[in-house]
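Peer 1: Here it is: the structure, laid out below.
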């Protein structure tokens, strides 16, 4: 999906594919080829670097091929690097140094698509990728595809080495545990490398991710349509209301009532106008209603608040990922001072506790957890 000509630079866009909500962020960096918009649209981007992972039969090769055809860039199957193509025997691995040399040659290019089940030896491509996709269609659909491919090879419809029924059985067993084992470890690996993983099921999902600036595509509650936009002064009242309600209703488990009252003090919409003017505050909006906001400066997430009643719909995670993208500085951590009730949420998304800190809120000293995300994304 490309950006529409003539829209305002501060706009976001949301769309719906196959009945699932997707949320699209537009950043404010300039296009590379003179697009009249202040946002960067994919149609103005010459190359893209895409890494696709997923279990056997998840559709990696099919989707990589369609993306390659659509965008005019080469797709690379990691099996061609991992397995030795010079032997007629099935299951012979390429020497690791030769495999890594071939990978380095691919990722040094401006545009590529890499797909495969692997992750342990792929830090170079993960670091270089513009976005990383995990394909997770139904496990039974994946099994059917694996069996169909095996039969096609046996019937000579597609080329194959000497894959046996035992090989097929072992592949199906491994595939059945891929999401709970390999994919979980892949997510952890990516988190440690400061990269995020976009989960998709279909080509449409991946296509939307590929055509969206900053890979800011997220799937949430199917009944909720959300978009992110820059706050204006007209939003000040809504921002203040979200802030106050969130503190009183969602922070009460970590702070007593008297602390909360002293925390907010006489806070009004005017307390947020300066940061709105500076462009630090962005609003999450659903059907015209403000349901959350972020306040971000380079290197630090100052605030994330979700309107009570809208929590547990993925909005908090969406806001955090957007905040990290906006706060990131190359080769530096992103910091946040988390309230005690929010610290587990940040930890779940890759932040690590540094120390307990005391911060003054309207003259009241409150305890927070200083947390950081190490080098959140490639600069």
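The values are calculated or read from the model by the stated rules, or taken from the named source; none is laboratory data. No experiment lies behind these values; they were computed from the predicted model shown. Virtual Cβ from ideal backbone geometry, glycine too; neighbours counted across all protein chains shown.
Let's see how each residue does on (1) buried (at least 19 other Cβ atoms within 10 Å of the Cβ); (2) out of contact with any strand residue (DSSP E or B) (no Cβ under 8 Å at 6 or more places or on another chain):
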residue	(1), (2)
97	no, yes
115	yes, no
124	no, yes
129	yes, no
135	yes, no
140	no, yes
144	no, yes
149	yes, yes
154	no, yes
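Peer 1: Quick test of your reading of the structure: residue 89 fulfils all but one of (1) more than 23 Å from residue 185 (Cβ to Cβ); (2) touching a helix residue (DSSP H, G or I) at 6+ places or on another chain (Cβ under 9 Å); (3) in a loop (DSSP other than H, G, I, E, B). Name the failing condition by number.
Peer 2: Of the numbered conditions (1) more than 23 Å from residue 185 (Cβ to Cβ); (2) touching a helix residue (DSSP H, G or I) at 6+ places or on another chain (Cβ under 9 Å); (3) in a loop (DSSP other than H, G, I, E, B), the odd one out for residue 89 is (2).
Condition check ((1) out of contact with any strand residue (DSSP E or B) (no Cβ under 6 Å at 6 or more places or on another chain); (2) modelled with pLDDT of 85 or more; (3) not assigned by TED's automatic domain parsing to the domain that holds residue 196) across all residues:
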site	(1), (2), (3)
237	yes, yes, yes
260	yes, no, yes
277	yes, yes, yes
303	no, yes, yes
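Peer 1: Determine which member of the set 197, 171 is in contact (Cβ under 8 Å) with a residue 24 or more places away in the chain, in contact with a strand residue (DSSP E or B) (Cβ under 6 Å, 6 or more places away or on another chain) and surrounded by 12 or more Cβ atoms within 10 Å (Cβ to Cβ).
Peer 2: Details: 171 fails: in contact with a strand residue (DSSP E or B) (Cβ under 6 Å, 6 or more places away or on another chain).
Exactly one residue qualifies, and that residue is 197.
Peer 1: OK, next. When you scan region 136-148, do you find a residue that is under 23 Å from residue 317 (Cα atoms) and either in contact (Cβ under 8 Å) with a residue 60 or more places away in the chain or part of a loop (DSSP other than H, G, I, E, B) (or both), even just one?
Peer 2: First, pick out the residues of region 136-148 that are under 23 Å from residue 317 (Cα atoms): 136-137.
Add one more test, that the residue is either in contact (Cβ under 8 Å) with a residue 60 or more places away in the chain or part of a loop (DSSP other than H, G, I, E, B) (or both), and what stays is 136-137.
Scanning region 136-148 turns up at least one residue that is under 23 Å from residue 317 (Cα atoms) and either in contact (Cβ under 8 Å) with a residue 60 or more places away in the chain or part of a loop (DSSP other than H, G, I, E, B) (or both).
Peer 1: Run down 82, 71 and say which single residue is assigned by TED's automatic domain parsing to the domain that holds residue 201 and closer than 23 Å to residue 190 by Cα.
Peer 2: Working: 71 fails: closer than 23 Å to residue 190 by Cα.
It is 82.
Peer 1: Now a separate question. Looking at (1) modelled with pLDDT of 70 or more; (2) over 30 Å from residue 315 (Cα atoms); (3) in contact with a helix residue (DSSP H, G or I) (Cβ under 8 Å, 6 or more places away or on another chain), which is the only condition residue 67 fails?
Peer 2: All conditions pass for residue 67, except number (2).
Peer 1: Sticking with this one: Of the residues that make up region 318-329, is at least one within 17 Å of the chain's Cα centre (by Cα), assigned to a strand (DSSP E or B) and more than 26 Å from residue 363 (Cβ to Cβ)?
Peer 2: Looking through region 318-329, none of the residues is within 17 Å of the chain's Cα centre (by Cα), assigned to a strand (DSSP E or B) and more than 26 Å from residue 363 (Cβ to Cβ).
Peer 1: Now for a separate question. Taking the criterion of being under 18 Å from the mean Cα position of the chain (by Cα) and either closer than 26 Å to residue 254 by Cα or assigned to a strand (DSSP E or B) (or both), would at least one residue in region 353-368 satisfy it?
Peer 2: Here is the first cut: in region 353-368, the ones under 18 Å from the mean Cα position of the chain (by Cα) are none.
The answer is no; no qualifying residue exists.
Peer 1: So which of 299, 363, 309, 350 ends up being on the phi > 0 side of the Ramachandran plot and modelled with pLDDT of 90 or more?
Peer 2: Numbers: 363 fails: modelled with pLDDT of 90 or more; 309 fails: modelled with pLDDT of 90 or more; 350 fails: modelled with pLDDT of 90 or more.
Selected residue: 299, the only one of 299, 363, 309, 350 that is on the phi > 0 side of the Ramachandran plot and modelled with pLDDT of 90 or more.
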